[in-house]
1. Has region 219-240 got any residue that is modelled with pLDDT of 85 or more, over 44 Å from the mean Cα position of the chain (by Cα), under 16 Å from D103 (Cα atoms) and of a type in the set (V, I, T)?
2. Can you confirm whether R535 is in a helix (DSSP H, G or I) and modelled with pLDDT of 90 or more?
3. Being more than 21 Å from N206 (Cα to Cα) and open to solvent by less than 50 Å² (accessible area, probe 1.4 Å) is the requirement here; does V381 meet it?
4. State all residues of region 567-608 that are in contact with a strand residue (DSSP E or B) (Cβ under 6 Å, 6 or more places away or on another chain), assigned to a loop (DSSP other than H, G, I, E, B) and either among the basic types (K, R) or more than 23 Å from L657 (Cβ to Cβ) (or both); if no residue qualifies, say none.
5. I'm trying to understand the selection: among the residues of region 334-353, which are surrounded by fewer than 18 Cβ atoms within 10 Å (Cβ to Cβ) and touching a Pro at 6+ places or on another chain (Cβ under 9 Å)?
6. Read through the list (1) surrounded by fewer than 18 Cβ atoms within 10 Å (Cβ to Cβ); (2) under 47 Å from the mean Cα position of the chain (by Cα), then give the number of the only condition that L85 fails.
7. For region 418-438, check the following and say yes or no: at least one residue is closer than 29 Å to R376 by Cα, part of a helix (DSSP H, G or I), at pLDDT 80 or above and touching a Leu at 6+ places or on another chain (Cβ under 7 Å).
8. Looking only at region 29-42, filter to residues that are of a type outside the set (G, A, S) and surrounded by fewer than 19 Cβ atoms within 10 Å (Cβ to Cβ); which one of those is farthest from H279 (Cα to Cα)?
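The values are calculated or read from the model by the stated rules, or taken from the named source; none is laboratory data. Note that this is a predicted model, so its numbers are computed, not measured. Here the Cβ positions follow ideal geometry from the backbone for every residue, glycine too, while neighbour counts run over all protein chains shown. Heavy atoms of the whole protein, side chains included, go into the accessibility calculation; ligands, DNA and RNA do not. Shrake-Rupley method; radii C 1.70, N 1.55, O 1.52, S 1.80 Å.
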Amino acid sequence: MAAPPTARLPPFLRGRLFGACLLVVLLAVAAVPGLPGLTRLAFAWLDVCQNLAPRARLTDRVVIVDVDDASLARYGQWPWPRTLLARLLGTLVAARPAAVGLDVVMPEPDRLSPPGLPALVPTIGPELAARLAEVPSNDSILASTLRGRPIVLGMVGIQGAESRPPVRVAPAVSVGGAPVALPRFDAALQSVLAIEIAAAGHGLLNADVDGGAVRRIGLLGDVAGVITPALALELLRVAERGREISLLVDEGRVRRVKAASVVTPTELDGAVWLRYAGHTPARFESAADVLAGVVPRERFDGKLVLVGVTALGLADRRPVPGTGDMDGLEIHAELVESLLDGTLLARPWWAPWARCGFILVGGVLLIATVPVMRARAAALVLAPLLLAAFAASFALYREASVGVDPSTPALALAVMFVAMLGVTLAEAERQRRLLRHQVDLQRDAAARFEGELSAARRIQMGILPKPADVLAGEPRVSVHVVLDPAREVGGDLYDFFMLGGDRLFFLLGDVSGKGLPGSLFMAISKSLYKSTALRYGGDVAAMMRQANLEISRDNPEALFVTVFAGVLNLATGALEYCNAGHDQPYIVSGDGERRGQLDKGGGPPLCVLDDYPYEAATHQLQPGDTVCLVTDGVTEARDASGALFGRARLEQMLATLTAARPPEAGARAIRDAVTRFVAGSEPADDLAILVLRWNGPRASGP
């Protein structure tokens with residue numbers, strides 16, 4: 001006695017149980033912060049948003065004075081003498097800016113200072129050297145320019161150096177608590193001491209690349225135990241003559257930073273996310289123009305001015321979100337503008353909860369629908385979820401400068417959908433196999449097979465065009481086709497249709513297989529070739545190359561197909577053609593006396609060599625000329641003894657293709673000759689004959 005079947009859950013319950021388990025796993029993965037793959041996806045989406053919705057500039061208070069190529073061409077190579085830099089800063093300060101930030105670090109004394117010239121020029125005598133030693137150094141002149149002026153010097157936090165706190169005139173940061181999450185640096189690369197102590201403020205220039213771009217900048221850093229502001233933050237403090245920068249710290253994490261009247265929420269490590277406005281030429285003024293007095297003083301009145309180098313080969317260019325890169329000087333300008341406008345990109349605390357909540361809601365919806373719906377209908381459930389996630393994220397980015405990652409929940413729901421759909425389809429396939437087995441036992445195998453072949457033949461023949469339909473009312477050309485599959489269905493194919501205007505496209509092909517495999521590949525090849533021909537117009541070589549790629553793409557049985565394709569200009573008789581391994585067509589003159597073959601523009605059959613550079617050839621038809629194409633079912637037809645019909649018999653039949661005889665009669669005469677030769681033997685291959693006659697250009701109207 002057979003054992004009783006074990007109890008099993010209904011299929012839809014098994015699918016839902018699997019979905020629930022998978023949902024728990026996906027929620028656990030999504031809750032883990034900073035996974036590299038998910039972070040890259042999130043950054044990629046933020047780059048898309050940055051490209052589509054850059055930040056709108058609400059203020060023009062930031063001006064960049066750049067030492068550009070024109071400045072170097074006029075005043076010499078960089079670094080300039082500090083006296084020239086002092087002159088530039090003095091010119092700017094005279095225009096009464098709110099503050100000036102210097103994106104230049106000068107860690108060594110100026111070699112061009114007069115006291116240092118004897119070391120550079122040994123021929124200077126002792127007397128001149130003594131006189132030069134009495135001249136003030138360039139560094140002291142620059143320090144005099146800085147002293148008492150609203151000028152902030154930049155410095156760079158460095159790692160791996162001996163711990164050394166930065167030079168500070170006075171404490172500039174007030175901390176309510178001890179922040180432990182700030183970026184830490186062992187020391188700071190600063191300008192020489194005489195210049196540093198003369199400046200009104202000092203700020204970090206560090207802007208690290210994160211996810212392939214400068215996305216976030218720390219407003220504060222811990223340099224050897226001294227909390228130091230970024231250049232942009234210090235610039236705002238000095239501009240408003242603020243005494244200090246204050247931090248709100250909660251359990252060692254920075255919550256908010258205040259510089260004078262500007263209050264900015266930050267990440268826990270004191271960093272902020274940038275939403276870029278993009279390169280803006282209106283921000284820039286050339287240092288050469290400033291020194292020459294070309295720029296009006298009103299340009300700098302009350303503004304925040306950043307001074308730096310953007311000349312080719314000297315600029316500190318960094319990748320930014322979206323595409324391209326940007327000078328580090330302009331990145332600092334973006335940060336200053338964003339602080340003033342309050343348009344920094346926010347990454348809210350609730351974003352991870354929203355991500356997990358969306359996955360939970362979407363996952364429950366998929367669990368409820370996928371196991372009981374068809375695949376296409378279930379996809380209609382997933383698509384709105386994904387669209388809603390990305391649309392909401394983009395709207396938040398564009399309207400509120402809020403960055404919420406939709407890629408992680410979208411990926412999670414897509415994975416869940418595919419997995420559940422796979423389980424559902426596997427169960428459906430199992431049920432389908434059981435049903436098919438039961439049906440197979442009840443149906444007559446032979447009747448089913450014949451019926452399916454008959455249906456396949458009707459479908460196959462139905463997709464082939466009819467001359468009366470395609471060329472109705474077209475007197476300039478006559479076409480007739482004969483197609484006899486060796487079995488119910490076959491692999492020979494043909495097609496012809498107008499490409500527009502006076503151009504007629506036609507082809508004849510032969511798939512390497514016969515029967516059902518050949519017929520399926522024939523239908524695919526015809527459809528793909530037609531779509532390729534419609535896309536590439538009259539470029540026969542291009543359509544042959546593209547058809548080779550497309551037909552080869554999904555060809556698990558490694559079939560190939562020979563094709564002859566041509567485009568005939570009905571107005572001129574010009575024929576452009578390309579032959580992919582097919583029998584060479586014949587050209588017969590209107591009187592039947594002249595016969596030849598189109599033997600150029602050749603290449604291997606399609607699906608044999610990938611990326612083969614097929615080339616086209618041309619032939620000029622005369623009125624009444626006939627083109628005859630056949631497949632190897634004609635020349636390789638065998639009689640009862642195994643003898644071939646051959647080319648000689650075919651060429652004898654070409655005499656029937658005269659202008660006085662319709663192409664239909666000529667094509668049928670060739671087929672009848674093959675039929676008589678075979679004399680009732682089973683056909684060895686499919687047979688196809690295409691006869692095309694150009695009747696000449698249409699007669700002119702009265």
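1. Taking every residue of region 219-240 in turn, at least one turns out to be modelled with pLDDT of 85 or more, over 44 Å from the mean Cα position of the chain (by Cα), under 16 Å from D103 (Cα atoms) and of a type in the set (V, I, T).
2. Numbers: in a helix (DSSP H, G or I): yes; modelled with pLDDT of 90 or more: no.
In short, no.
3. Numbers: more than 21 Å from N206 (Cα to Cα): yes; open to solvent by less than 50 Å² (accessible area, probe 1.4 Å): yes.
When the stated conditions are applied, V381 passes them.
4. Of everything in region 567-608, those that are in contact with a strand residue (DSSP E or B) (Cβ under 6 Å, 6 or more places away or on another chain), assigned to a loop (DSSP other than H, G, I, E, B) and either among the basic types (K, R) or more than 23 Å from L657 (Cβ to Cβ) (or both) turn out to be G581, K600, P605.
5. Listed by number, the list holds a single entry, P352.
6. (1)
7. Checked region 418-438: at least one residue is closer than 29 Å to R376 by Cα, part of a helix (DSSP H, G or I), at pLDDT 80 or above and touching a Leu at 6+ places or on another chain (Cβ under 7 Å).
8. This residue is V29.
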